[in-house]
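Scroll down for the structure; my scribbles are underneath it.
The values are calculated or read from the model by the stated rules, or taken from the named source; none is laboratory data. This one's a predicted model, so the numbers in the text were calculated from it and none came from an experiment. Cβ atoms come from the backbone with ideal geometry, glycine included; neighbour counts cover every protein chain shown.
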Amino acid sequence: METSFFYLIGAILSSGVAMVLLKMGVLRMGTRETVFFRSLSQTILVFLVVFLLFGTTKFSLPYRIEIIYPILHALMSGIAFITFTKGLKVVEVSIARPIMNLNFMITVVLGVLILGESLNPKMCVGIIMAIIAIILLSSASKSRPRKSLVSPQY
Amino acid sequence: MSGILFVLVAMVLWGTGAIFSKLGVSALGPWSFTFVRSLFFFIVVVAIVFGTGKFQWSSKKNIIYPIGAGVAMGFSLVFFYNALEFYEVGYAKTILSFNIIVTVFLSSVFLREKLNLIKSIGLVLALGALVILYI
């Protein structure tokens, strides 16, 4: 297995764990407080990792126009969180969650159209299987609590 | 109808935002991107949380869950943005969507959510898709 693929495995494992902890927090504390403390600890962790690995000597803020990309990404994630929360007030979680989890399809399409990324037959088969799997996995089971899970991803 | 629209808008925003992550990682490197993005995301979250309602910190002992979620998500961000240096964003985001496998499995263990036949089929399908996309 390529070393770089371990980054993706690490992302899958840690974000999967994060979702479960997030749900436990929402059930016990409420959405607003959970989101705040999750964001706070996430930010602190990221800062610690960046400074521990780079120190204050090698890391510097990128004062270039491209700094707009992470800012836009953060803004879009924040707005997505607001709209998703508003939607959850009306829409059942069993409907909202599969829709939310399929946002990667948008990324794939835009990646091809805007970034010129490739879409080979193997990728198409994998994506179709992923779509079906995510819909099945996102289906509500009768034993699940009815509280909503607000789980902004990235 | 408007509720579904909100969810669809959120879906489009999350999906589209990933394009900026690829552009940003390519231009700034994963560490600078992660740093700036996390900083601004926290500012946005604080504005939303404190600007749209009352903040009530009622249960101090359960704070371990959102903190744990934040730490795990922080590592996920670090891993994902480093992966974007090597992979196309469509491929990386598709692979990342399989975090639902971990979520469903852990939910069945810790939250006692039932793993019914439909979800089991979904798990097998997801693992199969992961293998196909890797090879």
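The table that follows gives values for the structure above.
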item: The stretch A:82-96: number of residues that are closer than 9 Å to residue B:7 by Cα and among the basic types (Lys, Arg); result: 1
item: Failed item in (1) farther than 18 Å from residue A:40 by Cα; (2) buried (at least 17 other Cβ atoms within 10 Å of the Cβ); (3) among the hydroxyl-bearing types (Ser, Thr, Tyr), with residue B:38 passing the rest; result: (1)
item: Residues that are in contact with a helix residue (DSSP H, G or I) (Cβ under 6 Å, 6 or more places away or on another chain) and of a type in the set (A, V, I, L, M, F, W, C), drawn from the stretch B:88-109; result: B:89, B:92, B:95, B:96, B:98, B:100, B:101, B:102, B:104, B:106
item: Scan of the stretch A:1-22 for residues that are facing chain B (nearest Cβ under 7 Å) and not hydrophobic (A, V, I, L, M, F, W, C), ordered by number; result: A:4, A:7, A:10, A:14, A:15, A:16
item: Breaking point among (1) of a type in the set (A, V, I, L, M); (2) over 27 Å from residue B:134 (Cα atoms); (3) more than 14 Å from the chain's Cα centre (by Cα), for residue A:76; result: (3)
item: Single condition residue B:47 does not satisfy, out of (1) of a type outside the set (Lys, Arg); (2) in contact with a Lys or Arg (Cβ under 9 Å, 6 or more places away or on another chain); (3) surrounded by fewer than 24 Cβ atoms within 10 Å (Cβ to Cβ); (4) assigned to a helix (DSSP H, G or I); result: (2)
item: Subset of the stretch B:92-133 [within 7 Å of chain A (Cβ to nearest Cβ), in a helix (DSSP H, G or I) and among the aromatic types (Phe, Trp, Tyr)]; result: B:110
item: Per-region count, the stretch B:1-30, residues touching a Phe, Trp or Tyr at 6+ places or on another chain (Cβ under 6 Å), among the hydrophobic types (A, V, I, L, M, F, W, C) and within 15 Å of residue B:80 (Cα to Cα); result: 3
item: Residue among A:106, A:99, A:132 that alone is hydrophobic (A, V, I, L, M, F, W, C) and crowded, with 20+ Cβ neighbours inside 10 Å; result: A:106
item: Check on residue A:26, over 24 Å from residue B:94 (Cα atoms) and buried (at least 23 other Cβ atoms within 10 Å of the Cβ); result: yes
item: Helices (runs of 4 or more DSSP H) within the stretch A:90-154 that include 3 or more residues hydrophobic (A, V, I, L, M, F, W, C) and modelled with pLDDT of 80 or more; result: A:104-114, A:121-137
item: Residue match in the stretch B:10-29 (condition: more than 30 Å from residue A:122 (Cβ to Cβ), facing chain A (nearest Cβ under 7 Å) and part of a helix (DSSP H, G or I)); result: yes
item: Lone qualifier among A:13, A:21 - being under 15 Å from the mean Cα position of the chain (by Cα), crowded, with 16+ Cβ neighbours inside 10 Å and within 25 Å of residue B:61 (Cβ to Cβ); result: A:21
